[in-house]
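Written below as structure tokens is the structure these notes are about.
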Amino acid sequence: MIRIKYDDKITRYFLLATLIWGVIGMSAGLYAALELANWKFNLGLKYINFGRLRPFHTNAVIFAFGGNGIFCGVYYSIQRLLKTRLFNDTLSWIHFIGWQAIILTGGIGFLLGITQGKEYAELEWSWDVAVAIIWVIFAINFFGTIARRREKHLYVAIWFYMGTVITIAVLHIVNGLAIPVSLTKSYPLFAGVQDALVEWWYGHNAVGFFLTTPFLGMMYYFMPKAADRPVYSYRLSVMHFWALVFLYIWAGPHHLHYTALPDWCQNLGMVFSVMLLAPSWGGMINGLLTLRGAWHKLRTEPVLKFYAASITFYGMSTFEGPLMAIKSVNALSHYTDWTIGHVHSGAIGWVGLLIFGMVYWLVPRLWRTPLHSQSLANTHFWLAMVGILFYLVSMWIAGITEGLLWKQFTPEGVLAYPNFVEIVTKLKPFYWMRAVGGGMYLSGLFILVYNVFRTISAAPKPVDEEAEVPETFQSNGAMVHYWHAVLEGRPFALAILTAIVISIGGIVEIVPTFLIESNVPTITAVKPYTPLELEGRDIYVREGCYNCHSQMVRPFRDEVARYGDYSKPGEFVYDHPFQWGSKRTGPDLHRVGGKYNNLWHLRHLDDPRLTSPGSIMPSYRFLLDEKLDLGLLPEKIKVMRKLGVPYSDEQTQNCVALARAQAKSIGDDLAKEGATGMEDKEVVALISYLQRLGTDIKWRDKLSASEPGASPAAPAPSAAVAAATIADSKGGAQ
């Protein structure tokens, strides 16, 4: 036997970072909720407008709070499970400092408008590179620690950690492929339908392999420790792991039901999403039954309360996810607040409560002193639980309400609520209810921070734990009769097999959309954006408009009646990135081009209440004051040409002059209406983009030509429109 000292200092730092970022990220989330409840909370400040604050909140909660929680739990547990110190202390500290620097600078960047405009992947290319480097450092440290282990067979928690390390690397690299324009601006390699598929292959699996598998690993380690009970079933944990890592990777397309994504891909996503229920609930059952014999402790032990509630929320959200992936249910739920509620049942229910339980268990051990107050910990638990319920119930009611009202027709066959804002105003009480729930949850977090601070203040100088461990491999003989023990003793074979399993679904779904031309037929009428429209689109992306508006009219009677002809795959071939959105707090914009005049858009951006009484949209008055900067436009056009967008030499060489000319034309039109001096302001570029949306296929002309008296509010897409669209569609490279 030899004596080693574990590296607990790095764990302590990751734990403290988890708490700090939890306060920052959830405070931002509460403020964003208030901005939706009352638009005046935006304060007229561009840096905290909802469109910029929302990605700051999501990234701070997922990658800062959740990420630091993962690294804290992984670094603490693998040393004990493998009976060795972490591979390299220097790598551990580079990992810690690098991760905090990325989150801090990236978050500031979001508030400054530096974003790729892709949900959960908003970081620009330079930050993406930094994330990849830090993740590789983490992987080296992780696998290096496994290589020097003194326990031959890998415990179940490490399988899930390994799945996380491998899969997140693959997802991040593929979805982050882009061509830079400058240090803070790039365009993704993929466009339109392909970009949407790759993004939600990444987005859903970031949930699966960043917010699920590592926390399942932590569940399998920390909960048995807290309950002083072994994991209920080894066989069930094996089935849980392999079924989860194989099935999860296929489920991304369920975020794109009834969109321009090919039906075969949507159906695959639905089928595998429903299948995910089995391994997910297998893991939940394994976790809850691990508490057998320890139920009596739930009355007094706050750690076990947090774990039991966390696993229950895991079961609930993994039932709700497959349910919402069924196309008939998704037709109601998608683009509504129901989705927001579902996401938060996983994020603050499953992930948040598990992290809180882990912190309460770790702090006395890392600082070698009793927790300051068990009573405060119990108070935190009940605040968090009641807060979550307020949040979820409000979002469930709001989501189902808006989904049903969107689809409601009068007996005469016209929309009961043709004005989108009529529905939004009915949801305000639920938005206030959400803010109350979020405030309660955040109050519980402040109690945790206070409890930890008082505990640490009373503790002696922390020292790293020492342990006696064997000099050579030790084999757990109790497991050798299971076939999986063969893999557990060969970690790198296990890693390679895991990489193969997680790659299958992505390859089957993504590759055909690139290689089979009929998946995204080209529409000859669709042309690239003009230089000014491209600049306006970048402003749209910068301001995070996709957080509230979709650009995807689905083939439903109510959507065609409200917005216009349904969206076609070929209309998005020049969209880098795609902007289909995932939540409608405002109406869909794909057919907004030509619907209103330029002055309407100017007034709407200046003060949305002037054109849409009751709107909760913030003011974008600063766009009327900010000078339009076209300095990067030539480089943007060059990058677009590299991406296959067919800009002519004349457009490339004279892009700035062309943009100025189009801006002057719009400015002159506004001046006739009394709005002078706008031709060199950012608002003109944004107006040009909005006026372009959905106009390429001339759907209004086709409707009126094929159906006399028809209008954009026709109840369903006409056969003539569909036929004309097919006639316009030709095979060929995008």
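Overview of results
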| read-out | value |
| --- | --- |
| Residue satisfying condition, being more than 30 Å from the chain's Cα centre (by Cα) and of a type in the set (A, V, I, L, M), within set LEU445, LEU415 | LEU415 |
| Failed item, numbered, when LYS152 is tested on (1) touching a residue at least 60 places away in the same chain (Cβ under 8 Å); (2) closer than 22 Å to ALA28 by Cβ | (2) |
| Residue ID - farthest from LEU602 (Cα to Cα), chosen from residues in segment 660-683 that are of a type in the set (Gly, Ala, Ser) and buried (at least 19 other Cβ atoms within 10 Å of the Cβ) | ALA663 |
| Given (1) touching a residue at least 60 places away in the same chain (Cβ under 8 Å); (2) surrounded by fewer than 23 Cβ atoms within 10 Å (Cβ to Cβ), number of the condition THR167 does not satisfy | (2) |
| THR145, sole failed condition from (1) crowded, with 21+ Cβ neighbours inside 10 Å; (2) closer than 25 Å to TYR248 by Cα; (3) not hydrophobic (A, V, I, L, M, F, W, C) | (2) |
| Residue that is nearest to ALA139 (Cα to Cα), among those in segment 84-110 that are out of contact with any Gly (no Cβ under 7 Å at 6 or more places or on another chain) and in a loop (DSSP other than H, G, I, E, B) | LEU86 |
| Evaluation of ALA278 against (1) in a helix (DSSP H, G or I); (2) in contact (Cβ under 8 Å) with a residue 40 or more places away in the chain; (3) under 24 Å from ILE326 (Cβ atoms) (one fails), failing number | (2) |
| Residue match in segment 287-296 (condition: in contact (Cβ under 8 Å) with a residue 12 or more places away in the chain, touching a Leu at 6+ places or on another chain (Cβ under 6 Å) and among the small types (Gly, Ala, Ser)) | no |
| Matching residues, segment 607-625, being under 13 Å from GLU422 (Cα atoms) and in contact with a Pro (Cβ under 9 Å, 6 or more places away or on another chain) | SER615, ILE616 |
| Residue match in segment 331-351 (condition: over 18 Å from GLY203 (Cβ atoms) and not in a helix (DSSP H, G or I)) | no |
| Helices (runs of 4 or more DSSP H) wholly inside segment 552-664 containing at least 1 residues that are of a type in the set (Val, Ile, Thr) and not assigned by TED's automatic domain parsing to the domain that holds HIS334 | 557-563, 608-611, 633-642, 649-653 |
| Only listed residue being surrounded by fewer than 18 Cβ atoms within 10 Å (Cβ to Cβ), of a type outside the set (Gly, Ala, Ser) and either without any contact (Cβ under 8 Å) to a residue 60 or more places away in the chain or over 21 Å from GLY346 (Cα atoms) (or both), chosen from ILE103, ILE20, ILE78 | ILE20 |
| LEU268 being in a helix (DSSP H, G or I) and of a type outside the set (Lys, Arg) | yes |
| Any helices (runs of 4 or more DSSP H) falling wholly within segment 459-551 and containing at least 3 residues that are at pLDDT 95 or above and of a type in the set (Asp, Glu) | 531-542 |
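Okay, residues lined up against (1) of a type in the set (Lys, Arg); (2) modelled with pLDDT of 95 or more; (3) more than 22 Å from ALA37 (Cβ to Cβ):
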residue	(1), (2), (3)
LEU599	no, yes, yes
ARG609	yes, yes, no
LEU624	no, yes, yes
LYS627	yes, yes, yes
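The values are calculated or read from the model by the stated rules, or taken from the named source; none is laboratory data. Note that the structure is predicted; figures quoted are calculated from it, not measured. So basically every Cβ, Gly included, is an ideal-geometry build from the backbone, and we count neighbours across all protein chains shown.
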